[in-house]
Amino acid sequence: MTQAELICDWGGEAVVSRFDKPSGAWCFIALHDSTLGGAVGGCRMKTYARPADGLRDAMRLAEGMTYKWAAIDFPFGGGKSVLAVPPGLAGSAREGLLRRFARLIDSLNGAFSTGVDMGTTPADMGVMAEECRYIMGMHDGRPQDPGPHTALGVLVGLKAATRHGLGAESLEGVSVLVQGVGDVGAPLARLLAQEGARVTVTDMDAERAEVLADEVGGSVVAADSAYGAECDVFAPCAVGGVLSEATIPLLKARVVAGSANNQLEVDLDAERLHDAGILYAPDYVVNGGGAIAFGLMHLGEHDDAVLRERIGGIAGTLDAIFSEASAHGHSPLQAARRRAERVLVERKAERE
Ligand code: NAD
């Protein structure tokens, strides 16, 4: 599909698109739904086979952000930005693109705010904040790392899921496999170990996994045998698309709760998990800790105790989702979607 066809086909509100001649990058800002407020979503930088693939990614991710904000009832709309860059963009050429893109976002006067996502770093956000008023996750002029906030949210969400799925009141002795020990997975593994969980880690970077396992007193499984590994809980914290028709039958876990975005290859995989008796914590709810913290900072709240308390609210949100799902025989994904849609309908009615 061409870019024009993709836009015509989309259910969102608007797309801002620019070709950045000096870098050869395409810049996309997808604004999906502003019912709850100005759109807020990360800035992804990636090389795509075709620019239209970057646009498609921005649109899909913007829609996900609408549901993410609605699931926690925050006053933000769904949006996402994608920088579809040529291979090897680096140094001053990359920084120039970030600065010009930041000025484009600033010109939208708050219709869109952005923050870190795949391919961008907190330091990049510091550069963009010099050009733009709408950068998330800045505190006292310094960019913050969302990973530890996201990890805390996954921990409380994973505990709620373990309560519902395993009837376990604590993580003491519960075995958890963390897939991907990067910015979120590493602090999550540390928190799990502190709670008494038996931690196993896996990562494409085998050395990174070994070092972390040593630190937390856990074990390692090879990345290619992770899906069939014995565990009570599987915590995908690496890449999307890991729960599929091929991998779900291999899982030994009874609970899946992790930070990765778009964990399901297709929505039908939520039903596959449900039918297999595996409790799935919807990714956009359980990975909301960073969004909650950065959202609150954006609204002027920086007190760590308040941020932690609001991130802790992920447990209550998941409790409600799991209860609604089991009351209606639905998958948690269906229950989460219905809950988010109710919030959108209620807020729209209040505005009219
Ligand atoms: P990261 O890049 O810091 O870490 C990812 C880790 O996963 C790396 O160590 C990488 O080697 C490993 N990995 C990649 N593919 C793998 C595979 N197939 N098997 C095993 N390991 C693999 O990323 P991150 O910031 O920790 O984010 C992890 C996931 O959580 C991503 O999907 C991200 O979109 C999502 N997420 C992150 C945040 C955040 O605050 N950083 C917030 C919400 C969602």
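The values are calculated or read from the model by the stated rules, or taken from the named source; none is laboratory data. All of these numbers come straight from a predicted model, not from anything done at the bench. Note that each Cβ is placed from the backbone with ideal geometry, even for glycine, and that neighbours are counted across all protein chains shown.
The rows are residues; the columns are (1) part of a loop (DSSP other than H, G, I, E, B); (2) not small (Gly, Ala, Ser).
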{"site": "Arg208", "(1), (2)": "no, yes"}
{"site": "Gly258", "(1), (2)": "yes, no"}
{"site": "Ile292", "(1), (2)": "no, yes"}
{"site": "Leu296", "(1), (2)": "no, yes"}
{"site": "Gly300", "(1), (2)": "yes, no"}
{"site": "Ala305", "(1), (2)": "no, no"}
{"site": "Gly316", "(1), (2)": "no, no"}
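Looking at Gly147, Gly153, Gly182 in this structure, which one is surrounded by 23 or more Cβ atoms within 10 Å (Cβ to Cβ), within 14 Å of the ligand (Cβ to nearest atom) and not aliphatic (A, V, I, L, M)?
Answer to the check: Gly153.
Suppose we filter segment 260-272 for residues that are in a loop (DSSP other than H, G, I, E, B) and without any contact (Cβ under 8 Å) to a residue 60 or more places away in the chain; how many remain?
Total meeting the criteria: 3.
Which residues, counting only those in segment 130-144, are buried (at least 18 other Cβ atoms within 10 Å of the Cβ) and either under 22 Å from the mean Cα position of the chain (by Cα) or at pLDDT below 95 (or both)?
Across segment 130-144, the qualifying residues are Tyr134, Ile135, Met136, Gly137, Met138, Pro143, Gln144.
Mind checking which residues of segment 291-315 are without any contact (Cβ under 8 Å) to a residue 40 or more places away in the chain, surrounded by fewer than 16 Cβ atoms within 10 Å (Cβ to Cβ) and not aliphatic (A, V, I, L, M)?
Across segment 291-315, the qualifying residues are Gly300, Glu301, Asp303, Asp304, Glu309.
Against the condition crowded, with 23+ Cβ neighbours inside 10 Å, of a type outside the set (Lys, Arg) and out of contact with any Asp or Glu (no Cβ under 7 Å at 6 or more places or on another chain), how does Ala62 come out, does it pass?
Considered against the rule, which asks whether it is crowded, with 23+ Cβ neighbours inside 10 Å, of a type outside the set (Lys, Arg) and out of contact with any Asp or Glu (no Cβ under 7 Å at 6 or more places or on another chain), Ala62 comes out as yes.
Within segment 193-212, restricting attention to residues that are surrounded by 18 or more Cβ atoms within 10 Å (Cβ to Cβ) and either of a type in the set (Val, Ile, Thr) or closer than 16 Å to Ala226 by Cβ (or both), which residue is farthest from the ligand (Cβ to nearest atom)?
Arg198
Check segment 237-252 and report whether any residue there is in a helix (DSSP H, G or I), out of contact with any Cys (no Cβ under 7 Å at 6 or more places or on another chain), more than 30 Å from Pro75 (Cα to Cα) and of a type in the set (Asp, Glu).
No, that holds for no residue.
Give the residue that is nearest to Leu279 (Cα to Cα), with candidates limited to residues of segment 234-255 that are touching a residue at least 40 places away in the same chain (Cβ under 8 Å), within 16 Å of the ligand (Cβ to nearest atom) and of a type in the set (Val, Ile, Thr).
Checked segment 234-255; the qualifying residue nearest to Leu279 (Cα to Cα) is Val242.
I need a count of the residues in segment 66-110 that are out of contact with any Phe, Trp or Tyr (no Cβ under 8 Å at 6 or more places or on another chain) and part of a helix (DSSP H, G or I).
So the count comes out to 16.
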